[in-house]
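Peer 1: Have a look at this one.
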Amino acid sequence: MIKIEMTVNGRPVSGEVEGRTLLVDFIRQTLLLTGTHVGCDTTQCGACTIHLDGEPVKSCSVLAAECAGARITTIEGMANADGSLSSMQQAFQDYHGLQCGFCTPGMVMAATALLEENPTPSEAEIRHHLEGNICRCTGYHNIVKAVQAASGQDVTPVAAE
Amino acid sequence: MPKDGGIGTSPKRREDVRFLSGTGRYTDDINLHGQAYAVFVRSDVAHGRLNGIDTEAAADMPGVIRIFTARDFEGCGGVPCGWQITSRDGNVMQEPKHPILAEGKVRHVGDPIAVVVAETLAQARDAAEAVMPDIEDLPAIVDMKAALADDAPKVHDELSSNLCYDWGFVEENREAVDRAIKEAAHVTTLELVNNRMIANPMEPRVAVGDYAAHSDESTLYTTSQNPHVIRLLMGAFVLNIPEHKLRVVAPDVGGGFGTKIFHYAEEAFCTFAAKQLRRPVKWTSTRSEAFMSDAHGRDHVTKIELALDEDNNFTALRTDTHANMGAYLSTFAPSVPTWLHGTLMAGNYKTPLVYVNVKAVFTNTVPVDAYRGAGRPEATYQLERIVDKAARELGVDPIALRRQNFITEFPYQTPVAVQYDTGDYHATMDKLLDIADHAGFEARAEESRKKGKLRGFGISHYIEACGIAPSNLVGQLGARAGLYESATVRVNATGSISVMTGSHSHGQGHETTFAQVIAEMIGIDADQVDIVHGDTARTPMGMGTYGSRSIAVGGSAMVRAAEKVINKAKKIAAHLMEASEGDIELKDGQFTVAGTDKSVAWGDVTLAAYVPHNYPLEEIEPGLEETAFYDPANFTYPSGGYGCEVEVDSETGLVEVVGFAAADDFGNVINPMIVEGQVHGGLAQGIGQALWENCAYDADGQLLSASYMDYAMPRSTDLPMFKVDHSCVTPCTHNPLGVKGCGEAGAIGSPPAVVNAVLDALNRGGIAVDHIDMPLSPARVWAAMQGAGANLGAAQPAARSEDTAGGRSVGTP
């Protein structure tokens, strides 16, 4: 077993892991942060996307032991300091960018990272950036709108198209 | 009632806050004290004799608690089937046993053989790899028509053949249909494949079993669309646990699309093992495991013939379908190609004579059952393809041909048993052509031509039947279940309300929409209404959510229960205001006496119900809580016009969906935002089926598409922004809300629109192609363009038939 320490959602955490333990399993099973989801086993779906030292990463593709000393943010750490939803989270609700909610944490993490890199992405840039996150419910239409809205772009309100 | 939260408005979804903040509670988020982990050992061959299982080495591995095999389930039942079909000859279908763990034979890749339960998941996985089943390979059968040959290997040795049933509908029409086709001025014939799908909700299935020795109660937490159905099937037919000692909880469920309706062996296993081991047992499916254990969908091979008179009126329709059941009968599998398919074969058209024949076949593949639309997409695909083909053969406009044959008078009795109550197909067609800017198509096609692309426009116009019912009729049709829905409306003393519904939300947003309805009826804030679902201990016996039935059936049950509550509350209000009950009105949360200025607030009446000091105790009981079970009189019939616009790369065959428009008639709409979201998602799945998704097996029954690396899910870059509309409204006439259901429409109406669009593009480009089987991958489209026919593509058991136009050969590149 390997002892690791890291900062998760601004708080220092530690735990013992096997060499083979994936970061997502450490997050879900040791830290009990169950907002990060596992939707596949081939790094295809993106439901487990977190921020690792500020970069969006699929946490099923990283070993926990590799992340010793890292700074990690999960969906549980995305709300504003007062507990209200972040602008991206709020836009997902406002524009109905989620249905079953399972892919949603990964989508929010990926989309938030996009805006840090590209504050006003085009529809094509949003779609390209989210290609690694599969959603089975929404057909992506309202996710794209939510990201556009979160970036301050004009978007047709829901149910008014 | 201010229109900011009632019927017809789009308040934000209340469930979103937990999903967006990571505080949702899905089944895999449940970890019980002392829980052990189960890992299934599954067959890696499609068909074989199971001569033994060597568990010795595995049993000695670290952390292993116990290894289970079929022997442990002696005395338990198999996984039951919930629908019995009767064949044309009057015999009931062949119904093989579906054991929890394989007995004597394995019958598909993924068939569970043994289960390791260990202290940790990693230990269970390690030990599962050390379990050594002794399997003697047998020839596998994956092709349906080959499976019906006299000398075909039998999936189930104890059955007379691989034929599950041979169903004819309407049998009395058979000869008349044959005659009409013989005498027709024109007959269009099409052979096609409805490709096998895997539902792929993003949340894999999970089961957590728990047992409380002190009360002898078992609890199962599971990813289900209908926890009461699981409790009944598993308790009564598999494990022999009385329902009052069994609780099934389906908490937040990450999508279902049909595949989480069914009762699965893993649920029974975890419940059983928890009692045996006296500790909680958890199983979490991996995605790879989901591909070979979740019930698959579709997989029909069909020949369809449409007869027309000299004026292009449809005179008869005949179909001949082979439907794949897979290796065992999943819960509702037999109903999908029959009652959910045959009854839809009139479509939007006044074809007077219809005959449907379906042969359901066992093969060495994963069981096949309902997937979003279930039978109705298969019917719609056939109809909307054959009408387009007929139009091309006759040289007429496909839209005009549809319009000419549309049903225009309602109620309309179809020749396939069902009676449509309402609809206006010309209206939805008009709306579609408007929102799709059909008038501007030629100009856009010209732009595409300049870029070297072929542009096409494809239409489909669907009918759907939702909320399958009534129960006494479906019982006659072979259902072993009722198809009512239940609701309890519990009014609390201070006036807030808890609604316990038998419907289940796994993405549909019931917690928001159901609350809107109650808020509107009583005139209180929706925040005062809580919707409880997904727990057999908290909700009345309900049938769950599938077949777009929630608002039409579950919503109706809730309305009926709320009406009972309001009627009782009016009695109390009448007493409090010393007025006649008949004069009491309820509006905006106030009871008033007609023609006076007397009023009493909702909260005062509810308080009186629970603190009955000034109360008509001699007339009514205290309390304010009512339950209703609603059994619909008929199906509901949503319909709509769908239009797809594509660009085809003439060099590569790559299809790009450049526009998609959907004009639906869902009857009354409770929450337009949610309805549109349902359509978007359905469209994505239907377009996915048409262009990319395909469950493929090789000739030996190996599942080739067993991960997201191999099974092409629609991604964000694959789809356009959609244009959707639901302003054409013909309310349902037989349920209290006038609603029809919207969950499956997108997946039903879209596949033929996509295929019709691609064929339109090719034919406009001077490439005469009649048909290409789904999915329309670049390889298939390119091959069709080269005049090679439609025979290339991934192997697929359903398609390997010489006499289908889609007869793709297994194993050929």
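Read-outs throughout are calculated quantities, based only on the coordinates presented, and are distinct from any laboratory measurement. Nothing here was measured: the structure is a model prediction, and the numbers come from that model. Heads up, the Cβs are rebuilt from the backbone with ideal geometry, glycines too, and the neighbour counts pull from every protein chain shown.
Peer 1: Distance check, please: which entries in B:Lys145/B:Lys260; B:Lys389/B:Lys431; B:Lys105/B:Lys154; B:Lys97/B:Lys154 exceed 19 angstrom between their Cα atoms?
Peer 2: B:Lys145/B:Lys260; B:Lys389/B:Lys431
Peer 1: Now for a different question. Give me, ordered by chain and number, the residues 5 or more places off B:Met774 or on other chains with an amide H under 5 Å from its own placed amide H.
Peer 2: B:Val193, B:Asn195
Peer 1: How shielded is B:21-30 by partner chains, expressed as the average number of their Cβ atoms within 10 Å of its Cβ atoms?
Peer 2: Mean inter-chain Cβ contacts per residue within 10 Å come to 6.
Peer 1: Work through the residues other than B:Gly110 whose Cβ is under 13 Å from its Cβ and net out their charges, Lys, Arg +1 and Asp, Glu -1.
Peer 2: In short, -1.
Peer 1: Still on this structure, I have one more. Counting only residues 5 or more places away or on other chains, whose amide H sits under 5 Å from the amide H of B:His186 once H atoms are built in the peptide plane?
Peer 2: Here the answer is B:Leu308, since their amide H atoms fall under 5 Å of that of B:His186.
Peer 1: Which trypsin sites (Lys or Arg not before Pro) in segment B:1-103 sit in a loop by DSSP (not H, G, I, E or B) and have at most 10 other Cβ atoms within 10 Å of their own Cβ?
Peer 2: B:Lys3
Peer 1: Need the list of aspartates and glutamates near B:Lys587 for cross-linking: C-alpha distance under 14 angstrom, and skip anything on the same chain fewer than eight residues off.
Peer 2: Answer for B:Lys587, where 14 Å is the Cα cut-off: B:Glu520, B:Asp525, B:Glu563, B:Asp597, listed by chain and number.
Peer 1: With a point put 7 Å past each Cα toward its Cβ, work out how far B:Val17 is from B:Glu175 in nm, to one decimal.
Peer 2: 6.8 nm
Peer 1: In terms of modelled amide H atoms, which long-range or inter-chain residues lie less than 5 Å from the amide H of B:Thr223?
Peer 2: B:Val206
Peer 1: On to the next question. With the contact rule set at Cα under 8 Å and sequence spacing of 6 or more, what percent relative contact order holds for segment A:87-150?
Peer 2: Dividing the mean separation by the residue count of segment A:87-150 yields 56 percent.
Peer 1: Work out from phi, with θ = phi - 60° and the Karplus expression 6.51 cos²θ - 1.76 cosθ + 1.60, the ³J(HN,Hα) of each residue of segment B:277-288, listed in order in whole Hz, and give x for Gly and Pro.
Peer 2: Residue by residue, segment B:277-288 yields 8, 6, 7, x, 10, 10, 10, 10, 5, 7, 5, 4 Hz.
Peer 1: Could you name the lysines in cross-link range of A:Lys58, using Cα to Cα under 24 Å and dropping any fewer than eight places away on the same chain?
Peer 2: A:Lys3, A:Lys145
Peer 1: Are there trypsin sites (Lys or Arg not before Pro) in segment B:178-278 that DSSP marks as loop and that have at most 13 other Cβ atoms within 10 Å, and which are they?
Peer 2: Passing sites in segment B:178-278 are B:Arg278.
Peer 1: With springs only between Cα atoms under 10 Å, which of A:Thr74, A:Thr104, A:Thr30 fluctuates most in a Gaussian network model of chain A?
Peer 2: A:Thr30
Peer 1: How large is ³J(HN,Hα), in whole Hz, for each residue of segment A:92-107 in order, when computed from phi with the Karplus curve 6.51 cos²θ - 1.76 cosθ + 1.60 and θ = phi - 60°, using x for Gly and Pro?
Peer 2: Once rounded to whole Hz, the list reads 4, 5, 4, 10, 6, x, 8, 10, 6, x, 6, 7, 4, x, x, 4.
Peer 1: Expressed as a rounded percentage, what relative contact order does chain B have, with Cα pairs under 8 Å and six or more residues apart?
Peer 2: Relative contact order, chain B: 16 percent.
Peer 1: Restricting to DSSP H runs of at least four residues, report the calculated mean residue ellipticity at 222 nm for chain B, -39500 (n - 2.57) per run over all residues, nearest 500 deg cm²/dmol.
Peer 2: So the helix-based figure for chain B works out to -7500 deg cm²/dmol.
Peer 1: Straight-line reach only, C-alpha to C-alpha below 21 angstrom: list the lysines that B:Lys275 could link to, leaving out same-chain residues fewer than 8 apart.
Peer 2: B:Lys245
Peer 1: At most 11 other Cβ atoms within 10 Å and a DSSP loop assignment: could you name the GluC sites (Glu not before Pro) in segment B:518-618 that fit?
Peer 2: B:Glu578, B:Glu618
Peer 1: Residues in segment B:116-146, backbone N under 13 Å from the label point at A:Arg20 (7 Å along the Cα-to-beta-carbon vector): list them, ranges by number please.
Peer 2: Answer for this model: B:120-130.
Peer 1: FRET efficiency for B:Ala633 and A:Arg71, Cβ-Cβ distance as r, R0 = 56 Å, nearest 0.05?
Peer 2: According to the calculation, E is roughly 0.40.
Peer 1: Got a sec to turn the phi values of segment B:244-250 into Karplus ³J(HN,Hα) couplings, 6.51 cos²θ - 1.76 cosθ + 1.60 with θ = phi - 60°, whole Hz, x for Gly and Pro?
Peer 2: Using θ = phi - 60°, the values come out as 6, 10, 9, 10, 10, 10, 10 Hz.
Peer 1: Using a Gaussian network model of chain A whose springs link C-alpha atoms within less than 10 Å, name the residue from A:Gln89, A:Gln148, A:Gln29 with the highest mean-square fluctuation.
Peer 2: A:Gln29
Peer 1: Relative contact order (percent) for chain A, with alpha-carbon contacts under 8 angstrom and 6 or more residues of separation?
Peer 2: For chain A, the relative contact order is 23 percent.
Peer 1: Could you rank the peptides B:636-643, B:775-782 by their average count of other C-beta atoms within 10 Å per residue, with the highest value first?
Peer 2: The packing order, highest mean first, is B:636-643, B:775-782.
Peer 1: When you look at the Cβ of every residue in A:139-149, what mean number of other chain Cβ atoms sits within 10 Å?
Peer 2: 6
Peer 1: If you don't mind, there's one more thing I want to ask. Using a Förster distance of 60 angstrom, determine the FRET efficiency expected from the C-beta separation of B:Gln590 and B:His33, and round it to 0.05.
Peer 2: Given R0 = 60 Å and the Cβ-Cβ separation, E is 0.75.
Peer 1: Still on this model: Over all residues in A:125-132, what is the mean tally of Cβ atoms on other chains that come within 10 Å of each residue's Cβ?
Peer 2: Counting other chains' Cβ atoms within 10 Å and averaging over A:125-132 gives 3.
Peer 1: Mind sorting B:Glu74, B:Glu203, B:Glu621 by how few other Cβ atoms lie within 10 Å of their own Cβ, fewest first?
Peer 2: Fewest-to-most ranking of B:Glu74, B:Glu203, B:Glu621: B:Glu74, B:Glu621, B:Glu203.
Peer 1: I would also like to ask the following. Take the alpha-carbon centre of segment B:30-57, take the same for segment A:105-161, and report the distance between them in whole Å.
Peer 2: Answer, in whole Å: 41.
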